[in-house]
Amino acid sequence: RFGNNTMWKILGGLVAVASAKHVAPAATVQVNVNVKAPNGPEIAPNFVGFSIEVPSALGMMGSDGRNAAFASLLQQLHGQTVGPHAGPNLRLGGNSADQTCFVLEGTPPVGCTATINLTTLQAYRTFAETTAAAANISFVIDTNFGLTADPRLVATAHIRGLGTAGLWPWVRGVEIGNEMDIYAGHANIPGKPHHRNASYTFSEYMAEYKSFSAAYIEAGMPEDRLQGGTWAGDSWYPDIPQYLAAFGGAMNTMSLHKYARSTCNGGTVSIADMLADRSASGTMGKIAEAVKASPRGPPFVIGEGNSASCGGQNGVSNTFASALWAIDFLPALSKTGIRGMNFHGGPHGPYATIGFGPELEVHPLYSGLMVFSELVSNYSRWVDVNVTGATPAGSDPTCSTGILGGVSKSHVCCAAGCGTCGGTGCNGFPGGSASCCGGTIASANQSCSSHLPPCVPDIDYMSPVTAHASVSIADGTARVLLIAKQLNHGTTAPTQVNLCIAGVAATKAFVKTLVSSGGVAATKGVVFGGVTWDGSANGRPSGTPTVTTVHGDAHGPMETCFSLSLPPLSAMLLSVPL
């Protein structure tokens, strides 16, 4: 908890306003925003949701579905947008779904490591209908595809149970299994669940999916209720058009899984890894291609994801670094065409956004999700942002002026004129092999941190300032998020930012800040807009909500510039009336 004096000391000096200049002086980062031409569709107010393993679901919602603290935290995310609208989605699934069986009575089938029953489903309903009614939540229910290829032996009992419990009004989607694209790879690995044999193919999956989806309809699932996919990696992405052509008409969403980093198989993740650009915008290439390849299919969502797979990294996933990562990652994800993301975990473990052990613990990531939800509130759309002066002249560390290509779409940066980076015939693209072929560019090994494309990106690069902006016609507001997530190694000097917004006449902005009194590795002391969830027992924040008014200078009838000081390892959310 913070006393008022301490809170004001933290907030004081975060926003310094001087006479704005249209041309940024030396050592100032210039951020230009144009709110006159929004991009893409409206962003759903419930973009942020949660994914919870099946045996852990009641650990979050309460054994009887009456955990009011969890409901309060969901309602606060929901409340960022005014008026009636769909609230956060709770996806109940994961690896455990393929090992959990719904049992009405008697002995569970062989191979079930966990069971749920009608009482479990009734607790789900109590939470949605009563406890979290103000949050207007919905569920995605993952069902057991892994135990057997015959849906009638295990899975259809779960579907019938949803009807018996009267849960269908709150079930937005039903998933058939989890990460079956890696069933074959896990078949012969000791300790991994054995769901199919090592030769399991996409064609076999298609046949089984057809059988399961038909059986679910027969068992009482409403039509158009499937959430397709739930794939772990990108090996099946080329098959998405075929898959959606066959089943997309029965789906309301298509789910992919996305973790920025991984701690699987003994891997480790550092704070520097988490804050690197490639953990945010640098790994979106294949997801963007998958979405683009199926423009008439169901909306794509990230049904499960977080900072690092296999439970997250202690000392990283549960620190302020995760909040700074999330507020850069989520805008980049949304701009690919993804319509929502469920953060996996809870009630225990490093990457859990919200924990109960058994007392409530709100981790720093939650503050980041609140920042993002306000940035995209009231049916906002993205607008163009251009950041200059943050990198040395003659460099392009993030390949913003080129085309990422090669291994994992981040190995090399081809020249923009190539049209496509790498692949068959790349030596015939405009610019030739030196500009367009991954092997040639990699061999030249010119770092993008000191060269323009063609070059090799610095996988550990952290931009001094990143920025995202949105505009909401519904509430007549432009919002700009400035993020300083470059590790400062003890430097406390702020970055000077000259922010110019075209398309607004107002010369004042309302600012909230996201800061940590304990630094980037802190698990406590995170404050957004003057409030913190530290020590909360009921899910409500403490502190005094604080919004600072800053004044800028008009440059013509519809452009305003603000001169701002952005402290290291912090973020600033500005709201400007249109």
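The values are calculated or read from the model by the stated rules, or taken from the named source; none is laboratory data. Keep in mind it's a predicted model, so treat the numbers as computed, not measured. Here the Cβ is made from the backbone with ideal geometry for all residues, glycine too, and neighbour counts use every protein chain on show. Keep in mind that these areas ignore ligands, DNA and RNA; they rest on the heavy atoms of the full protein, side chains included. Shrake-Rupley method; radii C 1.70, N 1.55, O 1.52, S 1.80 Å.
Residue under question is Ala184, and the condition is that it be aliphatic (A, V, I, L, M), in a loop (DSSP other than H, G, I, E, B) and touching a residue at least 12 places away in the same chain (Cβ under 8 Å); does it hold?
Judged against the criteria, Ala184 is not a match.
Is there any pair linking a residue in the stretch 271-284 that is at positive phi and in contact (Cβ under 8 Å) with a residue 60 or more places away in the chain to one that is of a type outside the set (Ser, Thr, Tyr) and surrounded by 21 or more Cβ atoms within 10 Å (Cβ to Cβ), with Cβ under 9 Å and at least six apart or on different chains, and which?
Between residues of the stretch 271-284 that are at positive phi and in contact (Cβ under 8 Å) with a residue 60 or more places away in the chain and residues that are of a type outside the set (Ser, Thr, Tyr) and surrounded by 21 or more Cβ atoms within 10 Å (Cβ to Cβ), there is no close pair.
Of the numbered conditions (1) over 25 Å from the mean Cα position of the chain (by Cα); (2) part of a strand (DSSP E or B), Thr492 fails exactly one; give the number of that condition.
Only one criterion in (1) over 25 Å from the mean Cα position of the chain (by Cα); (2) part of a strand (DSSP E or B) is unmet by Thr492, namely (2).
Taking the condition of being of a type outside the set (Val, Ile, Thr), part of a loop (DSSP other than H, G, I, E, B) and more than 25 Å from the chain's Cα centre (by Cα), how many residues in the stretch 397-424 meet it?
Number of matching residues: 4.
In the stretch 182-214, what residues are among the charged types (D, E, K, R) and out of contact with any helix residue (DSSP H, G or I) (no Cβ under 6 Å at 6 or more places or on another chain)?
To start, the set of residues in the stretch 182-214 that are among the charged types (D, E, K, R) comprises 192, 196, 204, 208, 210.
Those that are among the charged types (D, E, K, R) and out of contact with any helix residue (DSSP H, G or I) (no Cβ under 6 Å at 6 or more places or on another chain): Glu204, Glu208, Lys210.
Only one of these conditions is not met by Pro299: (1) more than 19 Å from the chain's Cα centre (by Cα); (2) in contact (Cβ under 8 Å) with a residue 12 or more places away in the chain; (3) more than 28 Å from Pro457 (Cβ to Cβ). Which number is it?
(1)
For the stretch 218-237, which positions are closer than 19 Å to Trp170 by Cβ, modelled with pLDDT of 95 or more and of a type outside the set (S, T, N, Q)? If you could, list the steps in order and put the result at the bottom.
We begin by selecting, within the stretch 218-237, every residue closer than 19 Å to Trp170 by Cβ; these are 219-227.
Okay, now just the ones that are also modelled with pLDDT of 95 or more, so 219-222, 225-227.
Correct list: Ala219, Gly220, Met221, Pro222, Arg225, Leu226.
Assuming Asn265 fulfils every condition listed in (1) part of a helix (DSSP H, G or I); (2) more than 24 Å from Lys335 (Cα to Cα); (3) modelled with pLDDT of 95 or more apart from one, which condition is it?
Unmet condition: (3).
Looking at (1) among the aliphatic types (A, V, I, L, M); (2) touching a residue at least 60 places away in the same chain (Cβ under 8 Å); (3) over 24 Å from Arg540 (Cα atoms); (4) not in a strand (DSSP E or B), which is the only condition Ala393 fails?
Evaluating Ala393 over (1) among the aliphatic types (A, V, I, L, M); (2) touching a residue at least 60 places away in the same chain (Cβ under 8 Å); (3) over 24 Å from Arg540 (Cα atoms); (4) not in a strand (DSSP E or B) leaves (2) as the failure.
Checking Thr319 against (1) open to solvent by less than 10 Å² (accessible area, probe 1.4 Å); (2) farther than 19 Å from Ile271 by Cβ, which test does it fail?
Here Thr319 meets the rest and fails (2).
Could you say whether any residue in the stretch 302-322 is more than 23 Å from Ile459 (Cβ to Cβ), of a type in the set (Phe, Trp, Tyr) and either within 17 Å of the chain's Cα centre (by Cα) or in a helix (DSSP H, G or I) (or both)?
no
Give the residues of the stretch 145-165 that are open to solvent by 10 Å² or more (accessible area, probe 1.4 Å) and either assigned to a helix (DSSP H, G or I) or within 13 Å of Pro222 (Cβ to Cβ) (or both), sorted by residue number.
Scanning the stretch 145-165 gives Ala157, His158, Arg160, Gly163, Thr164.
Out of everything in the stretch 368-399 that is out of contact with any helix residue (DSSP H, G or I) (no Cβ under 9 Å at 6 or more places or on another chain) and among the hydrophobic types (A, V, I, L, M, F, W, C), what residue ends up being nearest to Gln496 (Cα to Cα)? Full working, then the answer.
Looking only at the stretch 368-399, we keep the residues that are out of contact with any helix residue (DSSP H, G or I) (no Cβ under 9 Å at 6 or more places or on another chain), and these are 374, 377-381, 383-396.
Add one more test, that the residue is among the hydrophobic types (A, V, I, L, M, F, W, C), and what stays is 383, 385, 387, 390, 393.
Working: Val383: 22, Val385: 17, Val387: 13, Ala390: 10, Ala393: 18 Å.
If we take residues in the stretch 368-399 being out of contact with any helix residue (DSSP H, G or I) (no Cβ under 9 Å at 6 or more places or on another chain) and among the hydrophobic types (A, V, I, L, M, F, W, C), then Ala390 is nearest to Gln496 (Cα to Cα).
Being modelled with pLDDT of 95 or more, under 21 Å from the mean Cα position of the chain (by Cα) and surrounded by fewer than 23 Cβ atoms within 10 Å (Cβ to Cβ): is that true of Thr546 here?
no
Which one of the conditions (1) open to solvent by 30 Å² or more (accessible area, probe 1.4 Å); (2) part of a strand (DSSP E or B); (3) among the charged types (D, E, K, R) does Glu175 fail to meet, given that it meets all the rest?
(1)
Could you pull out the residue among Val531, Val576 that is open to solvent by less than 30 Å² (accessible area, probe 1.4 Å), touching a Gly at 6+ places or on another chain (Cβ under 9 Å), within 19 Å of Ala323 (Cα to Cα) and touching a residue at least 12 places away in the same chain (Cβ under 8 Å)?
Every option except Val531 fails the conditions.
What is the one condition in (1) closer than 17 Å to Ala469 by Cβ; (2) part of a strand (DSSP E or B); (3) hydrophobic (A, V, I, L, M, F, W, C) that Ala506 does not satisfy?
Condition (2) is where Ala506 drops out.
I'd like to know if the stretch 77-95 contains one or more residues that are surrounded by fewer than 24 Cβ atoms within 10 Å (Cβ to Cβ), in contact (Cβ under 8 Å) with a residue 12 or more places away in the chain and basic (Lys, Arg).
Checked the stretch 77-95: no residue is surrounded by fewer than 24 Cβ atoms within 10 Å (Cβ to Cβ), in contact (Cβ under 8 Å) with a residue 12 or more places away in the chain and basic (Lys, Arg).
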